[in-house]
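What follows is one structure encoded as structure tokens, with my remarks underneath.
Readers should treat all values here as calculations from the given coordinates under stated rules, not as data from a laboratory. Source: prediction; values computed, not measured. All Cβ positions, even for glycine, are placed from backbone atoms using ideal geometry, and neighbour counts span all protein chains on display.
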2 protein chains.
Amino acid sequence: MTPELAFQDYYPEDLAQCYGCGSHNEHGHQLKSYWDGEETVARITPKPWHTAIPGFVYGGFLASIIDCHGTGTASAAAYKAEGRTPDTLPAFRFVTASLKVNYHKPTPLGPELEIRGKVLEIKGKKIIVSAEVLVEGEKTVSGEIVCVQMPDTFRLTQNETK
Amino acid sequence: MTPELAFQDYYPEDLAQCYGCGSHNEHGHQLKSYWDGEETVARITPKPWHTAIPGFVYGGFLASIIDCHGTGTASAAAYKAEGRTPDTLPAFRFVTASLKVNYHKPTPLGPELEIRGKVLEIKGKKIIVSAEVLVEGEKTVSGEIVCVQMPDTFRLTQNETK
């Protein structure tokens, strides 16, 4: 059986370098997000050095995975809204306009983290996603990501990318 | 002349492991924040792999340095509010209750980033800080960090830290 591809596996190769979720960034977190019914889910185990206070996960890591799960969810939701599958063109790639993260309690470092996302709103090129981080079923962090379809200002010319 | 110590250099050794700003985290960003008049400032150059879309800085990295500059600024402000220097005890260490980040435009990857902070409010154990990221003088990102003095739930017992 072929393993299911993640939302991020459908990003065009030149846009799959993201430190948080790009499959072509060997230094990064390589977060992978999937549909789970109407919600989306990603699972990741932080490295021992992704710490804040010893024993707990670094808040910047948690913000990062919420961010990438949000933009990944937005791209998946955009395909769904158009009634087409993510292996069809044109490819969707969303970036973050704004990010809010609430840290409800310390997130223990060690266990796998589950990130669950919900699409709150689709309005043209803007998609709003909510997300939660759970450890062994307990919510520690929640967030909201305002995603926008990647504007042309993000595109480098051929020369700049070399 | 002795170089000026950063806010984070005064964190107690067992609380200086943070991936974003801990001087004892060899894998991390080791952000260092200082007073600059009434504002605070930090400067950091992202690594080439801290990318989002090629040529631009990863939003999670930007959220991370805003977060750490916020909690660092909060600790410095707490010492100042008590009229004592950061080499006196008890040490202040703040954690993030919530974080908001607005991405106004893409942040080019390559140049040094300047992060400027302002203390908006000090209310008991809660300190609110605003922050901006500038590249060559131009603001690309802004944020607000609600910081709280580290609660006891973050303290591990002696056995757990071993």
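Tell me the Rg and the Dmax, in Å, that the Cα atoms of the protein assembly as shown produce.
My reading of the Cα-based Rg and Dmax gives 19.5, 66 Å.
Apply the Karplus curve 6.51 cos²θ - 1.76 cosθ + 1.60, θ = phi - 60°, to the phi angles in segment B:78-95 and return the couplings in whole Hz, x for Gly and Pro.
5, 4, 4, 5, 8, x, 10, 8, x, 8, 9, 9, x, 6, 9, 9, 9, 10
Return the single residue from B:HIS50, B:HIS29, B:HIS69 with maximal mean-square fluctuation; model: Gaussian network over chain B, springs between Cα atoms under 10 Å.
Ranking B:HIS50, B:HIS29, B:HIS69 by mean-square fluctuation puts B:HIS50 first.
In sequence order, what are the phi-derived ³J(HN,Hα) couplings for segment A:47-54 according to the Karplus relation 6.51 cos²θ - 1.76 cosθ + 1.60 with θ = phi - 60°, rounded to whole Hz, with x for glycine and proline?
With the stated coefficients, segment A:47-54 comes to 6, x, 8, 7, 10, 9, 7, x Hz.
Between copies, how close do the A:ASP36 label points come, placed 7 Å along Cα→Cβ, listed in nm from shortest?
Those separations, rounded to one decimal, come out as 4.3 nm.
I want to check the label-to-label distance for B:PHE154 and B:LEU120. Put each point 7 Å from Cα in the C-beta direction and report it in nm to one decimal.
Those two pseudo-labels are separated by 2.0 nm.
Charges on Cβ only, +1 for Lys and Arg, -1 for Asp and Glu, centred on the Cα centroid of segment A:7-154; of A:GLN30, A:THR85, A:ILE128, which one is farthest towards the dipole's positive end?
The residue sitting most towards the positive pole is A:ILE128.
Which of these, A:LEU31, A:LEU134, A:LEU89, has the largest mean-square fluctuation under a Gaussian network model of chain A (Cα springs below 10 Å)?
Highest fluctuation of the listed residues: A:LEU89.
Mind checking which of A:THR40, A:THR73, A:THR85 has the largest fluctuation in a GNM of chain A, springs on alpha carbons under 10 Å?
A:THR85
From the label point of B:GLU121, set 7 Å along Cα to the beta carbon, how far off in nm is each other copy's matching point, shortest first?
List, nearest first: 2.3 nm.
Modelled label-to-label distance, A:THR88 and A:TRP49, 7 Å Cα→beta-carbon offset: nm?
Roughly 4.4 nm, to one decimal.
Any idea what the A:LEU5 label distances to the other copies are, label 7 Å down the Cα→Cβ vector, nm, shortest first?
5.4
Out of segment A:1-67, which GluC sites (Glu not before Pro) are coil in DSSP terms and have no more than 14 other C-beta atoms within 10 Å?
Filter output for segment A:1-67: A:GLU4, A:GLU26, A:GLU38.
FRET efficiency for A:HIS27 and B:GLU112, Cβ-Cβ distance as r, R0 = 30 Å, nearest 0.05?
Calculated transfer efficiency: 0.90.
Check the straight Cα-Cα distances from B:LYS105 and name the aspartates and glutamates below 13 Å, setting aside those fewer than 8 residues away within the same chain.
A:ASP152, B:GLU132, B:GLU138
For segment B:7-161, just the Cα set please: Rg and Dmax, both in angstrom.
15.4, 48
I'd like the chymotrypsin sites (Phe, Trp or Tyr not before Pro) in segment A:82-113 restricted to DSSP loop residues with at most 15 other Cβ atoms within 10 Å, sorted by number.
Passing sites in segment A:82-113 do not exist.
When only Cα pairs under 8 Å and 6 or more residues apart are kept, what is the percent relative contact order across chain A? Mind showing how you got there, number by number?
Numbers: 318 pairs, mean separation 34.8, N = 162.
Value for chain A: 22 percent.
With +1 on the Cβ of every Lys and Arg and -1 on the Cβ of every Asp and Glu, and nothing else charged, how large is the dipole of chain A about its Cα centre, in debye rounded to the nearest 20?
Dipole magnitude for chain A comes out near 380 debye.
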